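The values are calculated or read from the model by the stated rules, or taken from the named source; none is laboratory data. Just so you know, these numbers come straight off a predicted model, no measurement behind them. Note that each Cβ is placed from the backbone with ideal geometry, even for glycine, and that neighbours are counted across all protein chains shown. Remember, those area values only see protein heavy atoms, side chains included, never the ligands or the DNA or RNA. Shrake-Rupley method; radii C 1.70, N 1.55, O 1.52, S 1.80 Å.
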Amino acid sequence: MVGVGPAGCAEQGDSGPEPSCVLGIDLGTTSVKAALVTGTERALALAQRDTRAHTDSREAGPQGMEQNVQSIIRALNECLAALPQQQLQRVSHIGISGQMHGVVFWKSDQGCRWAEGGPGPAFEPQEVSPLVTWQDGRCSPSFLSSLPLPQSHVSLATGFGCATIYWYSQKRLEKSGFPVHLLPEVGDPGSIAGSTISAWHGIPKGAKVGIALGDFQCSVYSCLTERTDAVLNISTSAQLTISMPLGFQPPDTPDPSSAITYFPYFSGDYLAVAASLNGGNVLAAFVGMVAQWTQELGFEVQESAIYTRIIQAALAQTHSTLSVHPTIFGERHTPEQLASVTNIAASELSLGHVTRALCHGLVQNLCSMLPVQHLRGVGVRRVLGSGSALARNEVLRQEVERIFPFPVVYGKDVDAAVGAAMVLLHGK
């Protein structure tokens, strides 16, 4: 029989051979996660490491958002080293998801090498570019308008890999024809891309590796069981998602002004998504601003302490008439509309009022993109709340419950690494 030990990992008795596991890996914007999942879809062990991968862009300046690939892979190796060796030896399949839309370049056959030493082979990429992430802002609206119209229902936006490739092409080459040969082949979700060529942190050689999946779809897949559920995720960015009716097909051409994007999902389904560029990153920017002000006044306060204090202050203010439109990073459908603060009164200037209004504004911004009446129209009955920013911020949760007229459920296992593993399990 299989039980759960103190570390949350399966322990094998005398009833027969140990069942295989699926390893799910999520290469996120700020952290890497790894999950070991069994055929019962239960996560046996989880590991997470911050990447701390941000690096300044030499070519795009302050508009560029780039990450060091070596730092991401180092965090991945640390995650795997933290998982139980006994369980890793049972891995038969590996599912991979990651932050969407970005792009990395590497020289053919020189993108990586296997280095000896450490707790298993360490994957060390070399001759690779920085990762230009989905947050990148180098492609201005005027530049995007000069590009060919996409043959898709999805509008082109800065941070999308194809737009970034065009930017590099026009910057470095005389001809701006799109290098289609750089794009990967598109496969069905859950299909196998290949197999591991050697043992890796105890994972046997020959473990099947699934094609890469979007972290957003995998997060939804890990928790969405009812079509009447809406999924609200507030992490670095924020998303509000609903399932479209069976058989739905998106329009043939994009609507750049629409706040709703239709993301392809599994089994031919689509999700309607309000994908905001403004979430926990706005709160982080606010905390950074307060930290900078205190430093300029001659004091040193850790940002973690500031975050705790502003949440405590906001909890003491149950309501604020201050109005914060928090889109400091713009939105894909309105890239030039940035943040604003209105209805400012002398009585509304405390940290508690400002933080309360900021949290309200983040949730209200999502609701303006995918209104409550739309949710009611498709039969939504409850909201599944997830994401690191939502988990650590009680004020944000209060504002979610204030704005949405549905029951809000927290604590669901919303995890892209688990979702990537589940996709492989269902496809085995």
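Assorted remarks:
- In the stretch 377-405, of all residues being over 28 Å from Tyr307 (Cβ atoms) and in contact (Cβ under 8 Å) with a residue 24 or more places away in the chain, the one that is most open to solvent (accessible area, probe 1.4 Å) corresponds to Arg381.
- Every pair of residues 6+ apart whose Cβ atoms lie under 8 Å, when the first sits in the stretch 43-56 and is charged (D, E, K, R) while the second is part of a strand (DSSP E or B): Arg49/Ser31; Arg49/Val32; Asp50/Ser31; Asp56/Glu66
- Note on the stretch 106-118: among residues that are outside any strand (DSSP E or B) and exposed (fewer than 14 other Cβ atoms within 10 Å of the Cβ), the one that is modelled with the highest pLDDT is Lys107.
- Residue match in the stretch 193-212 (condition: more than 24 Å from the chain's Cα centre (by Cα), at pLDDT below 90 and more than 30 Å from Leu23 (Cβ to Cβ)): no
- Considering (1) of a type in the set (Lys, Arg); (2) open to solvent by 40 Å² or more (accessible area, probe 1.4 Å); (3) in contact with a His (Cβ under 8 Å, 6 or more places away or on another chain), the lone condition that Arg356 does not fulfil carries the number (2).
- Residue within the stretch 32-55 that is modelled with pLDDT of 90 or more, acidic (Asp, Glu) and open to solvent by less than 80 Å² (accessible area, probe 1.4 Å) present: no
Matching residues to (1) within 23 Å of Thr40 (Cα to Cα); (2) surrounded by fewer than 24 Cβ atoms within 10 Å (Cβ to Cβ); (3) touching a Phe, Trp or Tyr at 6+ places or on another chain (Cβ under 7 Å); (4) not β-branched (Val, Ile, Thr):
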position: Ala199; (1), (2), (3), (4): no, yes, no, yes
position: Gly202; (1), (2), (3), (4): yes, yes, no, yes
position: Ser222; (1), (2), (3), (4): yes, no, no, yes
position: Met244; (1), (2), (3), (4): no, yes, yes, yes
position: Gln249; (1), (2), (3), (4): no, yes, no, yes
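- Considering the conditions (1) open to solvent by 40 Å² or more (accessible area, probe 1.4 Å); (2) under 30 Å from Arg90 (Cα atoms); (3) not hydroxyl-bearing (Ser, Thr, Tyr), His181 is excluded by exactly one of them, (2).
- Failed condition for His101, given (1) part of a strand (DSSP E or B); (2) open to solvent by 20 Å² or more (accessible area, probe 1.4 Å): (1)
- You will find that of Gln217, Gln239, Gln151, the residue that is at negative phi and part of a strand (DSSP E or B) is Gln239 and no other.
- Pairing residues of the stretch 177-200 that are free of Cβ contacts under 8 Å to residues at least 12 places away in the same chain with residues that are open to solvent by 100 Å² or more (accessible area, probe 1.4 Å), at Cβ distances under 7 Å and at least 6 apart in sequence or on separate chains, gives Ile197/Lys205.
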